[in-house]
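Asks: Let me begin by handing over the structure; questions about it come next.
The values are calculated or read from the model by the stated rules, or taken from the named source; none is laboratory data. Just so you know, these numbers come straight off a predicted model, no measurement behind them. Cβ coordinates were reconstructed from backbone atoms using ideal geometry, including for glycine residues, and neighbour counts include every protein chain displayed. With ligands, DNA and RNA removed, areas are computed over all heavy atoms of the protein, side chains included. Shrake-Rupley method; radii C 1.70, N 1.55, O 1.52, S 1.80 Å.
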Amino acid sequence: MQSEFQKIFQEIQADPDNESFTKQGIKPLYYASSSARINIIGQAPGRIAQEKMKFWDDPSGDRLRTWLGVSRDVFYNSGMIAILPMDFYYPGKGKSGDLPPRKDFAKKWHPQLLKLMHDIQLTILVGAYATRRYLHLRYKDRLTDIVRNYQQYLPDYFPIVHPSPRNKIWEAKNPWFEEQVIPDLQRRIQIILNN
């Protein structure tokens, strides 16, 4: 099984669409394992994540782990959590933050990796890019409404907002997120991890 994961990794690096990254020695950043039970899909690695080759090792990651109710050790070392962003490479800087993930990247590579992960019991969709892609939503659908109505996407998907500290204003305006959504997310995560 590991050889199949390795084969896909090599194919991603050899893909002409990723040639500019491969030439610079930049490797695709994602985590996939046959033992994974929870899959986290976000947008794309940030610059620091790409440099460190480690996801969510920042204040946003600390908040995400708090929301999930898991330790750093479980998050990084248990083998039970997969991380498949919408693009496996940092897309660069735009006018108002990082550029969006490349449009067809996830469509091309996610199915191949997911086919090897037979025990995924919950996919957490972090932010608008992942949510729109996996829930087949329109661009005008508001993430707030999607997250508020998260139960309609269960048991397969659990949409949440990005855990960036910049979203604290959003959380203050939407107290139901911390009061109702996060406890349910933590409960579901613990059931999956403990079974």
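Asks: Please tell me if Pro45 is closer than 21 Å to Leu99 by Cα and open to solvent by less than 40 Å² (accessible area, probe 1.4 Å).
Replies: Answer is yes for this residue.
Residues checked against (1) over 30 Å from Phe5 (Cα atoms); (2) out of contact with any Asp or Glu (no Cβ under 6 Å at 6 or more places or on another chain):
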position	(1), (2)
Ala82	no, yes
Gly94	yes, yes
Phe105	no, no
His110	no, yes
Leu113	no, yes
Ile146	yes, yes
Tyr157	no, yes
Gln186	no, yes
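Asks: Return the residue satisfying two criteria in turn: it lies in the range 160-181 and is over 23 Å from Gly46 (Cβ atoms) and aliphatic (A, V, I, L, M), and of such residues it is modelled with the highest pLDDT.
Replies: If we take residues in the range 160-181 being over 23 Å from Gly46 (Cβ atoms) and aliphatic (A, V, I, L, M), then Val181 is modelled with the highest pLDDT.
Asks: If the Cβ limit is 8 Å and pairs must be 6+ apart or interchain, which residue in the range 1-16 that is over 14 Å from Lys108 (Cα atoms) pairs with which residue that is aliphatic (A, V, I, L, M)?
Replies: Correct list of pairs: Met1/Leu116; Glu4/Leu116; Phe5/Ala32; Phe5/Leu113; Phe5/Leu116.
Asks: Anything in the range 55-68 that is open to solvent by less than 70 Å² (accessible area, probe 1.4 Å) and out of contact with any Ser or Thr (no Cβ under 9 Å at 6 or more places or on another chain)? List them, or say none.
Replies: Matches in the range 55-68: Phe55, Trp56, Asp57, Asp58, Gly61, Leu64, Trp67, Leu68.
Asks: Quick one: which helices (runs of 4 or more DSSP H) lie wholly within the range 15-121 and hold at least 1 residues that are farther than 23 Å from Pro165 by Cα and of a type in the set (Ser, Thr, Tyr)?
Replies: Output list reads 19-23.
Asks: Which pairs do you get when a residue that is closer than 20 Å to Pro183 by Cβ and in contact (Cβ under 8 Å) with a residue 12 or more places away in the chain, found in the range 60-83, comes within reach of a residue that is open to solvent by 40 Å² or more (accessible area, probe 1.4 Å) and polar (S, T, N, Q), reach meaning Cβ atoms under 8 angstrom, with the pair 6+ apart or on two chains?
Replies: Trp67/Gln186; Leu68/Gln186; Gly69/Gln186; Gly69/Gln190
Asks: Could you tell me whether Tyr129 is closer than 24 Å to Tyr30 by Cβ and open to solvent by 90 Å² or more (accessible area, probe 1.4 Å)?
Replies: Yes, satisfied.
Asks: Please work out which one of (1) modelled with pLDDT of 95 or more; (2) of a type in the set (Phe, Trp, Tyr); (3) within 21 Å of Leu125 (Cβ to Cβ) is the condition Phe55 fails and give its number.
Replies: Exception for Phe55: condition (1).
Asks: Which members of the range 69-84 meet the condition of being surrounded by 18 or more Cβ atoms within 10 Å (Cβ to Cβ) and over 27 Å from Gln24 (Cα atoms)?
Replies: Val70, Phe75, Met80, Ile81
Asks: If you don't mind, another one. Return the pairs, sorted by first residue and then second, in which the second residue is surrounded by 11 or more Cβ atoms within 10 Å (Cβ to Cβ) and assigned to a strand (DSSP E or B), the first residue lies in the range 155-173 and is touching a residue at least 60 places away in the same chain (Cβ under 8 Å), the beta carbons are less than 8 Å apart, and the residues are 6+ apart or on different chains.
Replies: Ile160/Ile124; Ile160/Leu125; Ile160/Val126; His162/Val126; Pro163/Val126
Asks: Something else about it: Restrict the check to the range 160-179 and report whether at least one residue is in a loop (DSSP other than H, G, I, E, B), farther than 13 Å from Trp67 by Cα and touching a Leu at 6+ places or on another chain (Cβ under 9 Å).
Replies: no
Asks: Ok, one more. Taking Arg37 as the residue in question, decide whether it is closer than 26 Å to Ser20 by Cα, out of contact with any Phe, Trp or Tyr (no Cβ under 6 Å at 6 or more places or on another chain) and either crowded, with 20+ Cβ neighbours inside 10 Å or of a type in the set (D, E, K, R) (or both).
Replies: Spelling it out, it is not the case that Arg37 is closer than 26 Å to Ser20 by Cα, out of contact with any Phe, Trp or Tyr (no Cβ under 6 Å at 6 or more places or on another chain) and either crowded, with 20+ Cβ neighbours inside 10 Å or of a type in the set (D, E, K, R) (or both).
Asks: How many residues does the range 122-141 hold that are part of a loop (DSSP other than H, G, I, E, B) and either at pLDDT 95 or above or small (Gly, Ala, Ser) (or both)?
Replies: Residues meeting the conditions: 1.
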